[in-house]
Amino acid sequence: MRSNPCLFVLLTLSVAPAQQAASGPSAAQIDSAVRAIDQIVERDLAAKGKKPNPIVDDSTFVRRAYLAIVGRIPTAGEVEAFARADASRRRLTTIDSLVGSPGHQSHQFHWWADLLRARTRLNRQVSGEPYMHWIKDALAKNKPYDAMVKELLVAEGPALARDNGATGYHLRDLAMPEDDMANTMRLFLGTRLECAQCHNHPFDKWKQKEFYELVAFNGGMQYRTDIEQSPAVQGLRDAARDLMQEHGQRAQQALRQIMQTATVGIQGSGTGFVRLPDNYQYPDAKPNQPVQASTPFGADVALNLQTPRVGARQPRRLPQRANNKAPVGQPADTRAAFAQWVVSADNPRFATVIANRLWKRTFGVALIEPLDDLRDDSVASSPELMQYLEKLIVDLKFDLRAFETVLLHTRLFQREVVNGEAGDDSPFQGPLLRRMTAEQMWDSLLTLVIPDLDQTLRPANARAEEAYARYEKLSSASLEDLKRELEANILRQTDPQKFRAMMRERTAAGTQEREAISDAKLEQARPLFRELAAARRRGDEAAEAKTLVLLQQLGVPLPGERARRNRGDQTLARASDLPSPAPVGHLLREFGQSDRDTIEAGHTEASVPQVLDLLNGFVDQRLLDNRGSVLRRAVDAEKDLGKKITAAFVALLARQPTSAELAAWRKDATDVESTAVESTVRDLIWVLLNSHEFRFIR
Amino acid sequence: MHLRSLLSSADAVTRRGFLSLTAQRLFGVAAAPTLLSLLGQDPGDEPIVLGPATARNVIYLFMRGGMSHLDTFDPKPGAKTQGPVQAISTRADGVQLSEYFPHLARQMHKAAVVCSMQSTQGAHEQAQYFMRTSYTLRGTIQHPSLGAWTNRMAGKVNPTLPGHVMVGGGGEMPTAGFFPPQYLPLPIGDAEAGLRNSARAKGVNEQTFQRRLDKLAAINRAFADQHPQRKVQAYSDMYDEAVKLMRSADLVAFDMAQEPEHLRVAYGDDDFGQGCLLARRLVEHGVRFVEVVSNGWDTHNQNFDTLGEKCPVIDRAVASLLADLDARGLLSETLVVLATEFGRTPDITKDNNGRNHYPKAFSALLAGGGIRGGVRWGKTDAEGRDVVEGAVSVPDLNATIAHALGLPLQHVIKSASGRPFTVADKGKPVLGLFA
């Protein structure tokens, strides 16, 4: 097998010492933690009369490590490079070279996006890209987990301003402060309170009043910033008023659209008070009565509150928005106090939850299942290990990269898989056999198509720039610009076709300043753009490709970034560079990508569309028929059938074929005709891609 | 699989924890009773006992965006809120439709109009979610849509085909909520294109396909022996099922080319018309719940111009659907529902000639599946502002559909976190609509 020299060089270069924060833990600290964990795990096993599973062979390890850390299968070049590296150290050095790499950040992003319900659009009008950028940025900087959580909880200000994406967290539950709090308690403290939203918890100890005492920390939080006083907004309002003469209501609507971009955000430091619901039914308080912020467990929180001068009178309500009760009390920084309580070392559940999450992510089963429904009487499958992990993550100052490195360095990570289920409470003989996540599947398929996949990752801010630019434009625009914007928005309503044409021209003109295109050309291209959109809607890849070629021949820039992003097409970009979630019908969704509506909504179950896609869709169209794909090039470069077979096994499964496999596949092409060889190669690739061994991680 | 691991997986209480243990159950095939089905329907739940049903299938037509009631099924001739759209008589005495529906008018003796729908939700996303699930949108849980409830409770009719299909719509789809993902609808983007990837890839003949499958089975068998896990087995079974589907005579359900030209024309040469025709083909082949979506009803601007384009499409398609189902003897077992998330304001906006969101009063149409035809249920006032008689809430409408299907309205199914839910969230079926 020939190695790809280019890939090899890349890997060699990246085998640098792991990128740890300057104040990160020492190698000795990592090593002693690794030893301690393995000791506890193996002692637990011995106590139960069980043996740890054997250590896996190199090819199983390298595939597992790449999937676990960078979320995709290794390339043939990477497999080769591993084989050439110093056998005494290569497993750990490979882990260290991958942790912290761009591929690692991309893989971590999906996990966080599922937990934090990060979406490309927070709602119909508002971009969620700044929120996603914030997550990617935190991962790139390896921001300590406690700092991350605190930033999310206290975020304030405009949602679309640069570096303020953390506001997306509360905006995910816009105007639903109760759901927001229930999600927060579940996500960060593993405490399920949503039952107590409407009544005392039937199985756990929580009272409805206690729930509202938590909600009170976010009392008075608003989902719009207060920029009414700014001159820009005043000017815009005047402009809209002028335009109303001519365009009536439409000018008002156009203004609203602009204002939405400009004003969406989080405001209010927390009053520490909130009213009980109208239908409150317990004797310990009255309906509508304001309750004061208080925490149900952990340390007491000292607050400096001014008791509001309100009785149990009915609050003012805005029509059709039952949730929108008038705030009670004065701003008193209670949101910051709450955030501090959540992440405090005294909070008994904060470290437990994140340690369990990362353990589960690495090994497939948490020490407490389910990890986000902790009760006072929850017992870990290994209390000693749980305690150690909680202490470790605190000692590591919530450095998640370091914590993950410890777990990956254990012998346990290198052991053969167990075939159990996620609910098993058996001790840890090895990691759980798992199907690739949707994103691992997609990114692995791309690894077989696009060379140097990790180098194609876009900067963390790339997708958010448009939202920032729009916000910045609006918040610093001259009156003339704002008027133009208003007029464009009006045009959108009165003549959508003309509006789209105008936007296309603007986009085209923007991307094409170097190479001006004539109006005539754009005119010619317009039907092609329509055809392209239609072909993509139909999923007709042949028509799509044909149209793209015609557009290229015409010398017209391809539809802009925005258009591509918003369409439901299967652009061959890394999952973390695609819309979140991917559109319905996308391979990612077929394989169970989270819809981001609830926490951890992703799944790895089999379904008809995903199986049909692999049987008759993606494999044939994108890989077998695509001679330019990484996989085809690697296989086609070999003359000898045996070497072709080996190349396919290495590229897809990161291992050599067994002699029996080699013989069996050779037998299929005994006649020397090249058609037989080609058909064997196609069969082989198809079979391996559809195999259990491909989709499951051993 | 060992008894112990079966039971422990049954105990798992993660969101996706209540997953069926074999692909038979993933597909809803009741070929062999599984361990859990012997123990009861599902861990922690009472067995589901279905009531008498008047309908077997549902074709749910969703007018996404909010359909104006005054300009469609609840016209108010002479009222100042009526605008330029006239009312016409129908084959049913006392039931008038707007002039946009001349074809449907001739089918109205088969259908009931509910003029007294009411919702509590006035924003699209929330209102659509409420219509489909009967619960209000929350951040902490997802509720199953009615199609998911139907398949969860009543099971599939045809074991080979999916039980829940959504045609068109483009954007988001109804959720399986806290039910396993097998209850998600199978999305069909374009009725004409049929089920994606259900035919062999270009250049792969049956012989090649079978050769590949044989080799795949061999390599997978070895893996499954080495890794006896539920999910591995589920994949083996799912491949068998998918191939069975590809080769099934029932796959023809998705093949619109089978329909005669005159029928395709009658339904309308457009996405919605062809979607309705596909829906008929699917229920004919035993798909229990099909939703067809029509987009673009959010008529804040130029309400009348827009409806002048949209309504004829609906008129043609729904009238053809009712006539076609009837001619095939399918109408008696198929409940056709035409619904929307809310109505539109009786007052016409002066400068846009539009109507805004209006959850206080709107209309729905039901036909077949035991529904009394030629009926007008409920009443709004003279200007279409308020429901004055026979109010039907969103859960009531869904309870009516569930009742027709024989789904037990009291039966509690718990989410993974133990919260109790019922189909149609305590809505009351409108019994007066049934024959």
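Values computed for the structure shown
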quantity	calculated
Boolean, A:Val126 is in contact with a Ser or Thr (Cβ under 9 Å, 6 or more places away or on another chain), at pLDDT 95 or above, more than 19 Å from A:Arg574 (Cβ to Cβ) and not hydroxyl-bearing (Ser, Thr, Tyr)	no
Given (1) modelled with pLDDT of 90 or more; (2) not in a loop (DSSP other than H, G, I, E, B), number of the condition A:Pro283 does not satisfy	(2)
Verdict on B:Gly296 being within 26 Å of B:Pro84 (Cα to Cα), in a helix (DSSP H, G or I) and either of a type in the set (Gly, Ala, Ser) or at pLDDT below 95 (or both)	no
Given (1) touching a Lys or Arg at 6+ places or on another chain (Cβ under 9 Å); (2) within 23 Å of B:Ala361 (Cβ to Cβ); (3) buried (at least 19 other Cβ atoms within 10 Å of the Cβ), index of the condition B:Glu383 fails	(3)
Residues within region A:402-425 that are at pLDDT 95 or above and either touching a helix residue (DSSP H, G or I) at 6+ places or on another chain (Cβ under 9 Å) or within 14 Å of chain B (Cβ to nearest Cβ) (or both), tallied	15
Unique match (being within 30 Å of A:Ser426 (Cβ to Cβ) and assigned to a helix (DSSP H, G or I)) among A:Val149, A:Val62	A:Val62
The lone exception for B:Ser198 - which of (1) assigned to a loop (DSSP other than H, G, I, E, B); (2) more than 9 Å from every other protein chain (Cβ to nearest Cβ); (3) modelled with pLDDT of 85 or more it fails	(2)
Candidates B:Gln226, B:Gln210 - the one that is more than 27 Å from A:Arg434 (Cα to Cα) and either more than 8 Å from chain A (Cβ to nearest Cβ) or of a type in the set (Gly, Ala, Ser) (or both)	B:Gln210
Residue count, region A:602-620 (criterion: more than 7 Å from chain B (Cβ to nearest Cβ) and either of a type in the set (Gly, Ala, Ser) or more than 16 Å from B:Pro181 (Cα to Cα) (or both))	4
Verdict on A:Asp597 being over 17 Å from B:Ala218 (Cα atoms), within 30 Å of the chain's Cα centre (by Cα) and part of a loop (DSSP other than H, G, I, E, B)	yes
Some residue of region A:70-88 being over 27 Å from the mean Cα position of the chain (by Cα), in contact (Cβ under 8 Å) with a residue 60 or more places away in the chain and not in a helix (DSSP H, G or I)	yes
Filter result (within 19 Å of the chain's Cα centre (by Cα) and either closer than 18 Å to B:Pro180 by Cβ or within 14 Å of chain A (Cβ to nearest Cβ) (or both)) within region B:415-435	B:Val423, B:Asp425
Some residue of region B:394-408 being of a type outside the set (Val, Ile, Thr), in contact with a helix residue (DSSP H, G or I) (Cβ under 7 Å, 6 or more places away or on another chain) and assigned to a strand (DSSP E or B)	no
Set A:Pro583, A:Pro579, A:Pro557: member being at pLDDT 90 or above and out of contact with any Leu (no Cβ under 7 Å at 6 or more places or on another chain)	A:Pro579
Hits in region A:596-645 - residues which are farther than 26 Å from A:Thr680 by Cβ, of a type in the set (Val, Ile, Thr) and surrounded by 20 or more Cβ atoms within 10 Å (Cβ to Cβ)	A:Thr598, A:Val608
Any hit, region B:403-414, residues being within 14 Å of another protein chain (Cβ to nearest Cβ) and surrounded by fewer than 20 Cβ atoms within 10 Å (Cβ to Cβ)	yes
A:Ala336 being surrounded by 22 or more Cβ atoms within 10 Å (Cβ to Cβ) and modelled with pLDDT of 75 or more	no
Criterion violated by A:Tyr169 - all others in (1) at pLDDT below 95; (2) in contact with a helix residue (DSSP H, G or I) (Cβ under 8 Å, 6 or more places away or on another chain); (3) within 14 Å of chain B (Cβ to nearest Cβ); (4) farther than 25 Å from A:Trp442 by Cα satisfied	(1)
Filter result for the condition that a residue is closer than 20 Å to A:Leu587 by Cβ, of a type in the set (Lys, Arg) and touching a residue at least 12 places away in the same chain (Cβ under 8 Å), over A:Arg666, A:Arg622	A:Arg622
Helices (runs of 4 or more DSSP H) fully within region B:88-189 counting 1 or more residues that are at pLDDT 90 or above and over 22 Å from B:Val283 (Cβ atoms)	B:102-105, B:124-133
Unique residue being free of Cβ contacts under 8 Å to residues at least 12 places away in the same chain, more than 37 Å from the chain's Cα centre (by Cα) and under 27 Å from B:Ala224 (Cα atoms) when the list is A:Thr658, A:Thr680, A:Thr675	A:Thr658
Tally of residues being away from every other protein chain (no Cβ under 14 Å) and closer than 27 Å to B:His300 by Cβ across region B:109-133	6
Among the candidates B:Glu241, B:Glu309, B:Glu291, residue that is touching a residue at least 60 places away in the same chain (Cβ under 8 Å), acidic (Asp, Glu), within 14 Å of chain A (Cβ to nearest Cβ) and assigned to a helix (DSSP H, G or I)	B:Glu241
Residue identified as of a type in the set (D, E, K, R), within 14 Å of chain A (Cβ to nearest Cβ) and under 29 Å from B:Gly147 (Cα atoms) among B:Lys379, B:Lys360, B:Lys350	B:Lys360
Filtered residues of region B:136-157 (kept if more than 9 Å from chain A (Cβ to nearest Cβ), surrounded by 19 or more Cβ atoms within 10 Å (Cβ to Cβ) and not small (Gly, Ala, Ser))	B:His143, B:Pro144, B:Leu146, B:Trp149, B:Thr150, B:Asn151, B:Arg152, B:Met153, B:Lys156
Unique residue being farther than 18 Å from A:Pro277 by Cβ, among the small types (Gly, Ala, Ser) and at pLDDT 90 or above when the list is A:Ala232, A:Ala216, A:Ala147	A:Ala147
Qualifying residue in region B:187-201 (condition: under 30 Å from B:Arg138 (Cβ atoms) and touching a residue at least 40 places away in the same chain (Cβ under 8 Å))	yes
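Residue-by-condition table, conditions (1) at pLDDT 90 or above; (2) over 31 Å from the mean Cα position of the chain (by Cα); (3) exposed (fewer than 15 other Cβ atoms within 10 Å of the Cβ); (4) within 30 Å of A:Leu653 (Cβ to Cβ):
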{"residue": "A:Leu432", "(1), (2), (3), (4)": "yes, no, no, yes"}
{"residue": "A:Asp443", "(1), (2), (3), (4)": "yes, no, no, yes"}
{"residue": "A:Thr456", "(1), (2), (3), (4)": "no, no, yes, yes"}
{"residue": "A:Ala464", "(1), (2), (3), (4)": "yes, no, no, no"}
{"residue": "A:Met503", "(1), (2), (3), (4)": "no, no, no, no"}
{"residue": "A:Ala516", "(1), (2), (3), (4)": "no, yes, yes, no"}
{"residue": "A:Ala520", "(1), (2), (3), (4)": "no, yes, yes, no"}
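The values are calculated or read from the model by the stated rules, or taken from the named source; none is laboratory data. A quick note: this is a predicted structure, and the numbers were derived from the prediction, not measured. Backbone-built Cβ (ideal geometry, glycine too); neighbour counts: all protein chains shown.
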